[in-house]
Amino acid sequence: MIVAISSLTVASGCGSKVALESSTVPTPAAAAPAPTPAAPAPAATEVSTAPAADAPAAPSQSYFREGVNRATSAVNIGKSAQSPDDWKLATSRWEQALSLMQKVPASDPNYATAQTKIKEYQQNLASAQQRVNGVPRAAASATPAKDSSGLVAQIPIVERRGGTPVVPVTFSGQKGKQQFSMLFDTGATGTLITAEMANALGVVIVGETIATIADGSQVSLPIGYVDAIEAGGLRKEAVLVAIGGDVGLLGQDFYGKYGISLGSNSIGLYE
């Protein structure tokens, strides 16, 4: 199950000031020297509380961090987008993220990473703009007509691993269509593909998420979009997938709204 976790820690401190007193000892009256002219008072020195000239050296770092933050926001909006207005908001976030990344100077340690992300953000901006212009979104994916029993898809089982069905799944990405064998994992809320699958499909990384793995530990995984996922005649477009592990998992984000019937040789999805 993919779970997003965040934490914030705030630190505080205090200081104290100690005043020191001095005392003078009177000298004998007979030894009083002749008064000497008082030395001129030193010129007043103006003390500025403004930060030093090199203090605000963080703007370039802020450009990179803010760019990543805006991109993450765009990804989250795209996950739940249901209308052109939603995609307009996602488009605006991608434009902001792209603009910020383009401002990262060559002296910034994140400059090389920023150049890679500029290309990624340009591609995701173009994709979001297509959604605004009416390209069918995931909810409008093509599905086969259901029969009288309500069956909408029948996914063949090619093998089982530890009792879990393994099914053939076809992905569409920037590098075309490819089929992979994946675990049909009813315990996975989201679809997970391996790094090899992502490379083969040309998946563009748009952010990251926190995933809880089998032993209960949590790991950070990159996420990106695939153009479409197909299995058993069911198709869904613009699917956000996590990338990691050594085996792919077909999650509930693909088939979750359907009833499931597990057979010995196939899996039926019903409405």
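Just so you know, all these numbers are worked out from the coordinates, no wet-lab data involved. Just so it is clear, the structure is predicted and the values come from calculations on it, not from any experiment. Ideal geometry is used to build each Cβ from the backbone, glycine not excepted, and the neighbour counts take in all protein chains shown.
Based on the Kirkwood radius over alpha-carbon pairs, what value in µm²/s does the Stokes-Einstein equation return for the translational diffusion coefficient of region 171-213 at 10 °C and 1.306 mPa s? Show your work: numbers first, answer last.
Details: Rh = 11.9 Å.
So the translational diffusion coefficient is about 133 µm²/s.
Between GLN174 and SER107, 0.36 nm times their residue separation minus their Cα-Cα distance comes to what? Display every interim value, and only then the final one.
Numbers: separation 67, 0.36 × 67 = 24.12 nm, distance 3.24 nm.
Stretched out fully, the GLN174 to SER107 stretch lengthens by 20.9 nm.
Test of understanding: what is the full-extension gain from VAL219 to SER264, defined as 0.36 nm times their sequence separation minus their Cα-Cα distance?
Roughly 12.8 nm would be gained on extension.
Which pairs, out of LYS177/LYS236; LYS103/LYS175; LYS79/LYS257, put more than 19 Å between their alpha-carbon atoms? Walk me through the numbers on the way to the answer.
Details: LYS177/LYS236 14 Å; LYS103/LYS175 30 Å; LYS79/LYS257 16 Å.
Checking Cα-Cα distances, LYS103/LYS175 exceed 19 Å.
Give me the net charge for the shell around THR170: Cβ to Cβ below 12 angstrom, other residues only, Lys and Arg +1, Asp and Glu -1.
+1
Compute the signed sum of charges (Lys and Arg +1, Asp and Glu -1) over the other residues within less than 13 Å, Cβ to Cβ, of SER99. All intermediate terms of the calculation are to be shown ahead of the outcome.
Numbers: positive: ARG70, ARG93, LYS103, LYS117; negative: GLU66, GLU95.
Local charge sum for SER99: +2.
Please list, ordered by chain and number, the residues whose modelled amide H lies under 5 Å from the amide H of VAL239; skip anything fewer than 5 residues away on the same chain.
Amide H neighbours of VAL239: VAL226, ALA228.
Whole-Hz Karplus ³J(HN,Hα) for region 112-129, in order, using 6.51 cos²θ - 1.76 cosθ + 1.60 and θ = phi - 60°, x for Gly and Pro?
Ordered by residue, 3J(HN,Hα) equals 4, 5, 4, 5, 5, 5, 4, 5, 4, 5, 4, 5, 6, 5, 4, 5, 5, 5 Hz.
What are the radius of gyration and Dmax of region 59-135, computed over its Cα atoms and given in Å?
Gyration radius and largest Cα-Cα distance of region 59-135: 12.7, 41 Å.
Only Lys, Arg, Asp and Glu count, each charged at its Cβ (+1, +1, -1, -1), so figure out the dipole size of region 139-270 about its Cα centre, rounded to 20 debye. If you can, show how the numbers build up before the last one.
Working: 8 positive and 11 negative charges, 64 e Å.
Dipole magnitude for region 139-270 comes out near 300 debye.
Using modelled amide H (1.01 Å from N, peptide plane; none on Pro or chain starts), what sits under 5 Å from the amide H of ALA188, excluding residues fewer than 5 places away?
The list, which skips near neighbours in sequence, is GLN252.
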